[in-house]
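The values are calculated or read from the model by the stated rules, or taken from the named source; none is laboratory data. Just so you know, these numbers come straight off a predicted model, no measurement behind them. Cβ sites come from the backbone with ideal geometry, for glycine too, and all protein chains shown count toward neighbours. Just the protein is used for accessible areas: all its heavy atoms, side chains included, with ligands, DNA and RNA removed. Shrake-Rupley method; radii C 1.70, N 1.55, O 1.52, S 1.80 Å.
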Amino acid sequence: MTRLLPLENTKLAKPLLIAKPISAISSNAARLYIVSGLLFILILGCLHLLEPEFDPTWRFISEYALGNFGWMMHFAFILLAVSLISAGVAIFSQIRSVLGYIGLVILGLSVSGILIAGIFVTDPISLSPDAATFSGKMHAIGATLDYSPVAALLISFALVRNEAWRPIRGRLLISSGIMFVLMALFIIQIPQDGQFTPDVLAGLFGRFLIASYLGWLLVVGFHVLKLRKQSL
């Protein structure tokens with residue numbers, strides 16, 4: 001009877017999925033989103049120096065579009081969208097569960113939101129919600145569609161069931177978990193009345209959140225390239 005227990009446990013446990021080979025398209029997509037993600041962070045860092053009038057502790061990164069180098073913020077949003085959609089392309093063949101496909105759909109929705117936010121210029125954070133412009137309202141709608149941390153968490157849970165991704169299980173879950181926690185902390189910072197003041201640290205938490213995107217993207221991207229190299 002004792003010898004049968006491992007066999008029964010094996011039958012009850014969900015089997016690991018067999019990995020599909022990483023195609024050239026997937027590896028090229030991984031390279032693209034690693035580069036575009038790094039460029040996004042680089043441009044965002046430069047904007048902190050070029051437009052110091054926006055206090056990073058409570059002013060949103062979107063407000064850099066209001067300054068003299070606003071075009072750089074628009075370009076940065078495009079780079080972030082390219083990075084996220086390329087990540088979806090890079091790992092699509094590795095997703096083989098409903099949970100993972102839901103994550104990819106949410107990722108696609110997030111990309112559309114980021115593009116909308118990048119096209120329409122935000123209103124100053126100090127502006128009353130009642131005085132919001134059309135462009136500001138559209139930007140806000142786009143921003144609210146970005147649930148990349150939720151997508152990353154669902155995708156990570158799906159990937160760790162793939163045997164090829166088990167070696168980086170910890171990094172996947174930790175990096176996506178950090179994204180999710182930072183998103184929750186960022187949402188908590190948003191005042192219910194929409195009135196932002198220097199005491200509200202939404203800008204700081206928003207920057208931590210957006211930086212965490214790159215952490216997860218790099219974890220996934222470098223593993224895609226590693227799997228591609230192993231398959232050659």
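Observations on the model:
- Fraction of the pair-distance distribution of the stretch 171-223 above 13 Å, Cα-Cα pairs, percent: 58
- Annotation: ARG96 carries an accessible surface of approximately 110 Å², with a 1.4 Å probe and no ligand, DNA or RNA atoms counted.
- Isotropic mean projected area of the C-alpha convex hull, the stretch 58-132 (nm²): 6.3
- A simple charge model with +1 on the Cβ of Lys and Arg, -1 on the Cβ of Asp and Glu and nothing else charged puts the dipole of the stretch 106-232 at about 940 debye relative to its Cα centre.
- Cut-off 15 Å (backbone N to label point 7 Å along Cα→Cβ of PHE69), residues of the stretch 24-46: 39-46
- Full-stretch length increase - SER126, THR197 - with 0.36 nm per residue and alpha-carbon distance subtracted: 24.8 nm
- Largest to smallest accessible area among LYS137, LYS229 [probe 1.4 Å]: LYS229, LYS137
- Only Lys, Arg (+1) and Asp, Glu (-1) charged, at Cβ; the chain dipole about Cα centre in debye: 1700
- The figure for LEU232 is an accessible area of roughly 150 square angstrom, using a 1.4 Å probe on the protein chains alone.
- Amide proton proximity set for TRP58, modelled H, under 5 Å, gap of 5+: GLY203, LEU204
- Net charge dipole size for the stretch 167-232 [Lys, Arg +1 and Asp, Glu -1 on Cβ; Debye, nearest 20]: 660
- Degrees between helix 70-91 axis and first principal axis of the chain (Cα, 0 to 90, nearest 10): 10
- Under the Karplus curve 6.51 cos²θ - 1.76 cosθ + 1.60, θ = phi - 60°, whole-Hz ³J(HN,Hα) for the stretch 192-208, x wherever Gly or Pro sits: 5, 8, x, 9, 9, 9, x, 6, 8, 8, 4, x, 5, 5, x, 6, 4
- Area accessible to solvent at ILE125, 1.4 Å probe radius, in Å²: 10
- Recomputing Cα extents along the principal axes in Å from the coordinates shown identifies the correct label among (1) 49, 47, 35; (2) 47, 39, 35; (3) 72, 40, 27 as (3).
- Amide H contacts of ASN162 (H built 1.01 Å from N, under 5 Å, at least 5 apart or other chain): LEU17
- Against the criterion of solvent-accessible heavy-atom surface with a 1.4 angstrom probe, ASP130, ASP193 sort, most first, into ASP130, ASP193.
- Solvent exposure, largest accessible area first (probe 1.4 Å, DNA, RNA and ligands not counted), of MET72, MET179: MET72, MET179
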